[in-house]
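The values are calculated or read from the model by the stated rules, or taken from the named source; none is laboratory data. Quantities reported herein were computed from a predicted structural model and do not represent experimental measurements. Neighbour counts are summed over all protein chains in view; Cβ atoms, including those assigned to glycine, are modelled from backbone coordinates with ideal geometry.
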Amino acid sequence: MKRLLSGTVAATLLLALGACGDSADSPAATGEAADSGATLTLWTRAATESVSKAYAAAYNATHKNQVQVTAYPNEEYPAKLASAAGAKALPDLFASDVVFAPQYASQGLWLDITDKFNALPMKDKVAPAHVRNGTWNKKNYAVPHTIDMSVMLYNKDLFTKAGLDPEKPPASLTEFAAAARAIDKLGGDINGTYFGGNCGGCNVFTLWPSVWAAGGDVMNAEGTASTIDSKEMSEVFALYRKLYDEGVAAPASKDEAGPTWLGALQSGKIGIAPAPSAWLGIIEEKATFKVGIAPISGINGGESTFVGGDSIGIGATSKHAAAAWDFLAWTLGDEAQVEVVAKGKGVPTRTDLASNKYSSADPRIVTINNLMGKGKTPYAKNFNATYNDPQSPWNTAFRGALFGDAQKSLGDGAAALTASLKK
Amino acid sequence: MTLLAPTRPTVLPSAPPRRKRNKQWIGALYAAPTAFVVGMFFVVPLGLVVWMSLHHWPLLGAPTINAPENYAGLADDDLLRTAVWFTLKYTVVVTVLLFVLSFGLALMVQHRRRGVGLLRTAFFLPAAVGFASASLLFLGLLSDEIGPVNRVLETVGLVDGYVSWTSGSPNSALGSAVVLVLWRFAGFNMLILLTGLQAIPLDVYEAARLDGATRWQIFRRITVPLMRPTIALVLTLMITGSLLAFDQFWILTRGGPDNSTTSLVMVIYREAFIELDLGSAAAISVVLLGVLIVFNAIQLGVLRRRSQ
Amino acid sequence: MPRKISAAALAVLFLFPLLWSAWASVRTPSGFGLENYSRLFTSDNGIRFEHIVNSVTVSALTVGGTLLVATLGGYAFGRFQFPGKNALFLLTLAILMVPYATILIALYVLLGWIGLQDSLLGLSLVLIMFQLPFSIFMMRNAFEAIPKELEESALIDGCTSFGALTRIMLHAVRPGLITVGLFAFLTSWSEFFAPLILLNSTDKFTVMLAVVNMRTASFGAIDYAALEAGVTFMAVPCLLLFLVLQRSYVRGFMSGALRG
């Protein structure tokens, strides 16, 4: 009896799962009005929570639709999304790290918004790198939600102390190393620089721009083969490795997995280090020192940045696709980008709004905003498992390059990464 | 007629008497809620997992059968191999250390002496903290920012400058996790072993002592054999728990440094939620479950035979 | 004497992490104070009143449900014979051999199908299931340890088996009940992964989820002090219960329930 019962339940479950395997209902077919007073659920990761909530608050105040934001711990967010997808119970909207967007797009977790996006008047001014990442097989699935770029942050007070000009930051990676060495000579517990030596995501964010600035690349355009054993990447690793071996980079860098990265920079004991641009405001809030910004450069010059942040799309199982798109389109509009993002010291996702009434107040913000045109967002379907995850082959490769047998690690790494990218 | 041997009443294979059958139904009724919860929330999902292991199972979209590809693919997985070796090594280390520690604590508190209640409470108190909480506690305790460990070691002179216990080296990372587990679970296992210890009648010890046995001989020849079922239970719980270890590595060491503390369940998690390959994750789970079932069956069999 | 010292030293070593956590939670840059706790409760992703209500609800449901199922089940296994008894018992123990990550997605799907997704009740049912191996093992042994005469005398006096159960047996297995209830409370109170996956709305989140959020709230900075405040806050009810119920659960263990 019990066996029959559980057997029936099991069979029903499997049948249902199998039947529901086909494509979700086409959003066009629902035909509901855009601002219909729907309640939309939006999921985001903890790091992006404040921005998502700011968008939602402003939207809710002026629309009938109401957006409810739920934030999840960063590290467990992918598990949350995967479980919801597996149960065909995704929220109406969900954001994700932009580098994960190709994977989610390829899995069909977001609805196809190609037509809707192409109908937008400002579609060409929306961060092109981000838009590309939300694309799969020439269809659009996600739009930019937040932009976070990597820059060099430096402690102007320590610069002055070390005899460097605080208004003339390094223009090449070699100059950066020299500056770091000069500051490290100040002694005590002051260190020249800092990096996330145990954090895959941190390193792609901070080291790859130097490769791009030198004209090289870390992958092929489709994101299916790795080129980290290239000359440009090896040189960058060698430079940072030397800084670590000389003690110019703080010893704690080796074990930094990300959670205490900001704390190290806030301490005021680090001279100059690559970091997220969003931290400018956070560090200044509590700092007793002045903070400067410089673009990340290549070994001999050039400028580039990693255009990171979050993408957002409509959940594939959503029943309020039209209302959800209304919100997304609104977030890309002038009002949202200027009054919510720029006012909150964020980087607008619109290239034509890089200079706006809020940004011009601080020339550093203008510098950051203008970097968007010079930077890249790497595209790879299997980005998370290949680069970000603590158990990724990238982690093994770059740690070997920085702390072990550099040549072997990069050579083996390129092969392992390519294998992982192809999965 | 009367000279015929008396006929024996024919023995029919009788149904159990009505009262016994009623009792069976009543027993089944009492067991029904258990059967419901176990059936609905364990057997059904488990069946689904086995089913999934035979398919390529995308998150959305129809699954397609691909057996035995998921299983065959396991052999080539380098990370899985590393994790298997590590998990086995970790299981041996933890089981040995935890068992010795718990047994030692149990021996320490078995006799009714003054203050024994306090000791017992002190050893068992860590069990009041949830495992995730305990991992977070240790994260702070071993940290450089607010933890006392580095500060003390620096003053004593054993350590110079910055040291990371949870990700500095494979051994220190393993050590951090092991210390956490010892702290959290020694008291619990101590209580279980204590039950076994205190079930041994005192006159057995008396007789042995009269016979001139040493403490060690008493321990080896009397205590341990009489405690066999308890020891078996404790070892089973420890081994199963270690093979399934996840929280301590996820929170404390994140599987590092360099994948040196990546456990099997972490690989299952990664396969399911990062690689989004539910079929392979299910396959690893099924294999792990199989190993555990075999191990427990062997252990039960050995125990049953020994106690006969 | 040396043995007494080493025993005391060990006790201090075991108590140290908890004491340190409490100490670190009230340590501020300017000495001592409660500002870590205030941060814990008022920061953006800190603990809210509804989190506490949710945790209490889930724990109450889990403890109640576990006691109900385990008592009835333990009675069945300890006192009756019925078809499928051994199979069911082994299946229940098998729950110990399956890690969360394996069946969580399947459970998520299942809860969706019976309409219990994103609900505290659904979460509690899953937690009850995970408690069953320990609880049923405990209660079965507790019931087995009761001398048959006790039950038989009740039945002779005209009670049904249910009457015998409630009037006589429950009193006899009280230490076991308290142990089972206590452990059900402990695990459900500090559960992290199951609520994370099975709950969707922030207003249903439990306290543990909020505390873990303190770890990775803003990427790059762990608020260690608030984290320890969270750990201490979570531990206090458990420690109190532990100390208050000490005699009962020690007796529960000692009653031979876990002799194996």
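In the set (1) surrounded by 18 or more Cβ atoms within 10 Å (Cβ to Cβ); (2) among the polar types (S, T, N, Q); (3) more than 8 Å from chain C (Cβ to nearest Cβ); (4) more than 17 Å from A:Ser392 (Cα to Cα), the condition left unmet by B:Gln299 is number (1). Only a single item in (1) within 13 Å of chain C (Cβ to nearest Cβ); (2) of a type in the set (D, E, K, R); (3) without any contact (Cβ under 8 Å) to a residue 12 or more places away in the chain; (4) touching a strand residue (DSSP E or B) at 6+ places or on another chain (Cβ under 9 Å) is not met by A:Glu284, and it is number (1).
Within the range A:135-161, no residue satisfies the criterion of being more than 26 Å from A:Arg364 (Cα to Cα) and under 13 Å from the mean Cα position of the chain (by Cα). Taken over the range C:86-104, the criterion of being more than 18 Å from the chain's Cα centre (by Cα) and more than 7 Å from chain B (Cβ to nearest Cβ) is satisfied by C:Asn86, C:Ala87, C:Phe89, C:Leu90, C:Ala94, C:Leu104. Per the listing A:Val99, A:Val67, the residue uniquely modelled with pLDDT of 95 or more, assigned to a strand (DSSP E or B) and either facing chain B (nearest Cβ under 9 Å) or touching a helix residue (DSSP H, G or I) at 6+ places or on another chain (Cβ under 7 Å) (or both) is A:Val67.
Based on this model, can you work out whether A:Ile299 counts as among the hydrophobic types (A, V, I, L, M, F, W, C), under 22 Å from the mean Cα position of the chain (by Cα) and more than 14 Å from chain B (Cβ to nearest Cβ)? No, not satisfied. Taking the conditions (1) more than 21 Å from the chain's Cα centre (by Cα); (2) away from every other protein chain (no Cβ under 12 Å); (3) modelled with pLDDT of 85 or more in turn, B:Gly175 satisfies each one other than (1). For B:Thr236, state whether it is hydroxyl-bearing (Ser, Thr, Tyr), over 30 Å from A:Asn395 (Cα atoms) and without any contact (Cβ under 8 Å) to a residue 40 or more places away in the chain. No; evaluated as a whole, the condition is false for this residue. Each residue in the range B:183-232 was checked for being closer than 30 Å to B:Lys89 by Cβ, surrounded by fewer than 17 Cβ atoms within 10 Å (Cβ to Cβ) and either among the polar types (S, T, N, Q) or within 14 Å of chain C (Cβ to nearest Cβ) (or both), and 4 pass.
Against the numbered list (1) more than 30 Å from B:Leu252 (Cα to Cα); (2) buried (at least 24 other Cβ atoms within 10 Å of the Cβ), A:Thr114 comes up short only at (2). Residues of the range A:251-279 that are part of a helix (DSSP H, G or I), more than 8 Å from chain C (Cβ to nearest Cβ) and out of contact with any helix residue (DSSP H, G or I) (no Cβ under 7 Å at 6 or more places or on another chain): A:Pro251, A:Asp255.
One line per residue, one yes/no per condition, for (1) closer than 21 Å to A:Ala57 by Cα; (2) over 22 Å from the mean Cα position of the chain (by Cα); (3) without any contact (Cβ under 8 Å) to a residue 60 or more places away in the chain; (4) surrounded by fewer than 22 Cβ atoms within 10 Å (Cβ to Cβ):
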| site | (1), (2), (3), (4) |
| --- | --- |
| A:Thr317 | no, yes, no, yes |
| A:Gly344 | yes, no, no, yes |
| A:Ala361 | no, yes, yes, yes |
| A:Val366 | no, no, yes, yes |
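Apart from one condition, A:Leu164 fits all of (1) in a loop (DSSP other than H, G, I, E, B); (2) crowded, with 16+ Cβ neighbours inside 10 Å; (3) touching an Asp or Glu at 6+ places or on another chain (Cβ under 9 Å); the exception is (3). Looking across the range B:63-94, not a single residue is closer than 17 Å to B:Ala173 by Cα and touching a Gly at 6+ places or on another chain (Cβ under 8 Å).
Out of the residues in the range A:19-43 that are closer than 20 Å to A:Gln107 by Cα and at pLDDT 95 or above, which is nearest to the chain's Cα centre (by Cα)?
A:Trp43
Applying the condition of being farther than 14 Å from B:Ile146 by Cα, of a type in the set (Gly, Ala, Ser) and more than 26 Å from the chain's Cα centre (by Cα) to the range C:9-32 and asking which residue is surrounded by the most Cβ atoms within 10 Å (Cβ to Cβ) yields C:Ala9.
Would a scan of the range B:52-66 turn up a residue that is more than 29 Å from A:Asn395 (Cβ to Cβ), over 30 Å from the mean Cα position of the chain (by Cα), modelled with pLDDT under 95 and at the interface with chain C (Cβ under 9 Å from one of its Cβ atoms)? Within the range B:52-66, not a single residue is more than 29 Å from A:Asn395 (Cβ to Cβ), over 30 Å from the mean Cα position of the chain (by Cα), modelled with pLDDT under 95 and at the interface with chain C (Cβ under 9 Å from one of its Cβ atoms). Of the numbered criteria (1) buried (at least 22 other Cβ atoms within 10 Å of the Cβ); (2) at pLDDT 95 or above; (3) over 18 Å from the mean Cα position of the chain (by Cα); (4) of a type in the set (A, V, I, L, M, F, W, C), the one A:Ala87 fails is (2). Restricting the range B:91-107 to residues that are surrounded by fewer than 23 Cβ atoms within 10 Å (Cβ to Cβ) and within 10 Å of chain C (Cβ to nearest Cβ), the residue that is modelled with the highest pLDDT is B:Leu101. Being assigned to a helix (DSSP H, G or I), out of contact with any Asp or Glu (no Cβ under 8 Å at 6 or more places or on another chain) and at the interface with another protein chain (Cβ under 8 Å from one of its Cβ atoms) is a description that applies to B:Leu139. The residues of the range A:70-96 that are of a type outside the set (Ser, Thr, Tyr) and more than 12 Å from chain B (Cβ to nearest Cβ), listed by number, are A:Ala71, A:Asn74, A:Pro91, A:Asp92, A:Leu93, A:Phe94, A:Ala95. If you check A:Asn191, A:Asn133, A:Asn203, A:Asn220 for being more than 24 Å from A:Ala46 (Cα to Cα) and surrounded by 23 or more Cβ atoms within 10 Å (Cβ to Cβ), only one passes: A:Asn191.
The set of residues in the range B:15-47 being within 30 Å of B:Ala283 (Cβ to Cβ) and more than 24 Å from the chain's Cα centre (by Cα) consists of B:Phe36 alone.
Pairing residues of the range C:159-176 that are under 16 Å from C:Leu67 (Cα atoms) with residues that are loosely packed, with under 15 Cβ neighbours inside 10 Å and aliphatic (A, V, I, L, M), at Cβ distances under 8 Å and at least 6 apart in sequence or on separate chains, gives C:Met169/C:Leu150; C:Ala172/C:Leu150. So which residues in the range C:4-59 are at pLDDT below 90, under 30 Å from C:Met129 (Cα atoms) and of a type in the set (A, V, I, L, M, F, W, C)? Passing the criteria: only C:Ile47.
Taking the criterion of being touching a strand residue (DSSP E or B) at 6+ places or on another chain (Cβ under 6 Å) and of a type in the set (Ser, Thr, Tyr), the residues of the range A:167-205 that qualify are A:Ser172, A:Thr193, A:Tyr194.
Just checking, how many residues over the range B:108-136 are over 17 Å from C:Leu15 (Cβ atoms) and more than 8 Å from chain C (Cβ to nearest Cβ)? Counting residues in the range B:108-136 that are over 17 Å from C:Leu15 (Cβ atoms) and more than 8 Å from chain C (Cβ to nearest Cβ) gives 6.
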